[in-house]
1. Could you tell me whether the stretch A:130-146 includes any residue that is without any contact (Cβ under 8 Å) to a residue 40 or more places away in the chain, more than 15 Å from B:A120 (Cβ to Cβ), more than 20 Å from the chain's Cα centre (by Cα) and more than 7 Å from chain B (Cβ to nearest Cβ)?
2. If you scan the stretch A:11-46, which residues turn out to be surrounded by 19 or more Cβ atoms within 10 Å (Cβ to Cβ), assigned to a helix (DSSP H, G or I) and either of a type in the set (V, I, T) or touching a His at 6+ places or on another chain (Cβ under 9 Å) (or both)?
3. Please state which of the following conditions B:S79 fails to meet, knowing it meets all the rest: (1) buried (at least 21 other Cβ atoms within 10 Å of the Cβ); (2) assigned to a helix (DSSP H, G or I); (3) under 16 Å from the mean Cα position of the chain (by Cα).
4. For the stretch B:127-173, name all the residues that are more than 7 Å from every other protein chain (Cβ to nearest Cβ), in a helix (DSSP H, G or I) and either over 23 Å from A:L142 (Cα atoms) or of a type in the set (G, A, S) (or both).
5. How many residues does the stretch B:127-152 hold that are of a type in the set (G, A, S), at pLDDT 90 or above and within 19 Å of the chain's Cα centre (by Cα)?
6. Within the stretch A:20-38, count every residue that is facing chain B (nearest Cβ under 7 Å) and of a type in the set (S, T, N, Q).
7. Looking at the stretch A:169-186, which of its residues are closer than 16 Å to A:L142 by Cα and at the interface with chain B (Cβ under 7 Å from one of its Cβ atoms)?
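The values are calculated or read from the model by the stated rules, or taken from the named source; none is laboratory data. Just so it is clear, the structure is predicted and the values come from calculations on it, not from any experiment. Here the Cβ positions follow ideal geometry from the backbone for every residue, glycine too, while neighbour counts run over all protein chains shown.
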Amino acid sequence: MTVLWLILQLSWTFFLIGAFTFGGGYAMLSLIQNQVVVEHAWISEATFTDIVAVSQMTPGPIGINSATYVGYDVLFNATGSPVLGVLGSLTATLSLMIPSFIIMLLIVKFYLKFRSSRLYAGTMDWLKPCVVGLIGAAAVILIIKTTWTGGVPQVQVLSENFPDWKSWLLLAGAFAASYWGKVNPIYLILASAVLGMLLY
Amino acid sequence: MEKKVSLWQIFLVFAKIGAFTIGGGYAMIPLIQAEMSRRGWISDDELPDIVALSQSAPGVMAVNISIFAGHKLRGFKGSVAATLGSITPSFLIILAIAMFFTAFRDNPWIERAFKGIRPAVIALIAVPMVKMAKKSCTTWWKWLLAIGSLVLVAFLNVSPIYIILCVLIIGFGATWFRMRSK
């Protein structure tokens, strides 16, 4: 019964994530993180960060990969059964795609009208900056945690993701290598894995 | 009369595309172009339209492209075949890693490796954000919208879903009024 309830919750959560992702895989990560780590507390920030790393290195879209992985982890952690883990993967991945199916099939029907719609373009003009903020928030939440006690915010660095000063150097170095150096993310993750083994 | 493409063939071609796409939707475009135009399934001047539409619809772009292209070939069944094809390789790979990784997560070497990886992953999330900001935050109020969303989600624990809903409604309303008043 509880397992069934968890599967239903997982399905609904990923349906919502699929319906509200505008602007690609990284926008989807911010929604997955909010729903799975913050709202439901199914997995920790550190595990989520690891899942993103794996999803970036493996073939396939990052949003789908993370959903597959999160789905496995949520059910495996709750039950200890790999078979249910696989069921969780299937649930999360397929639920994520249902909104896309409905909307894309509608778009195909109204193809030309949709394309030339200035109303749509104008709305997107508003939505895009908002998505930028959401992705930024995902990055911030993986670095610090804010808790409110009586209207006073308390900001704490997540020690699992940033245990010491070396982590900040890795962050700055990886940003520079990717932004200015245009280093492939796969090589960047492999290099930081080697650095992690050497530094810690 | 064009020859009908079989669903199995659609599945296989998209599985091939999915297996070789590393790094998200955009990396998929050249592969789709190569595989689809070689078979005469989609012409080169159709592709930009498909990409633009898939980008603007919600969800994962690669899935949206597969739905659209599959639909063009065999209707609804074609969309299902193409989508299942494009996600199957990564699904199996992730599943294998997830099962393998849970057994090795406590290994000290793996732990150390991930201590190095985690800050790098956050940098990899920040880079596309900065690139998107440069492109889409063209006026002061767009910057305000971006910073406002960030603060609401990161510090005030507001759900991104509510923010997207609000901005969709406000943006739609504002655009509608502007178009009417012209």
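1. Scanning the stretch A:130-146 turns up no residue that is without any contact (Cβ under 8 Å) to a residue 40 or more places away in the chain, more than 15 Å from B:A120 (Cβ to Cβ), more than 20 Å from the chain's Cα centre (by Cα) and more than 7 Å from chain B (Cβ to nearest Cβ).
2. A:T13, A:I17, A:I32, A:V36, A:V37, listed by residue number.
3. Status for B:S79: all satisfied but (3).
4. Those that are more than 7 Å from every other protein chain (Cβ to nearest Cβ), in a helix (DSSP H, G or I) and either over 23 Å from A:L142 (Cα atoms) or of a type in the set (G, A, S) (or both): B:K135, B:W140, B:W141, B:L165, B:C166, B:I169, B:G173.
5. To start, the set of residues in the stretch B:127-152 that are of a type in the set (G, A, S) comprises B:133, B:136, B:146, B:148-149.
Narrowing the set further to residues that are at pLDDT 90 or above leaves B:133, B:146, B:148-149.
Going one step further and asking which of them are within 19 Å of the chain's Cα centre (by Cα), we end up with B:133.
Qualifying residue count for the region: 1.
6. Residues flagged as facing chain B (nearest Cβ under 7 Å) and of a type in the set (S, T, N, Q) within the stretch A:20-38 amount to 3.
7. A:L170, A:L171, A:A174, A:F175
Okay, residues lined up against (1) in contact (Cβ under 8 Å) with a residue 40 or more places away in the chain; (2) polar (S, T, N, Q):
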position	(1), (2)
A:G18	yes, no
A:Q35	no, yes
A:H40	no, no
A:I43	no, no
A:A46	yes, no
A:G60	no, no
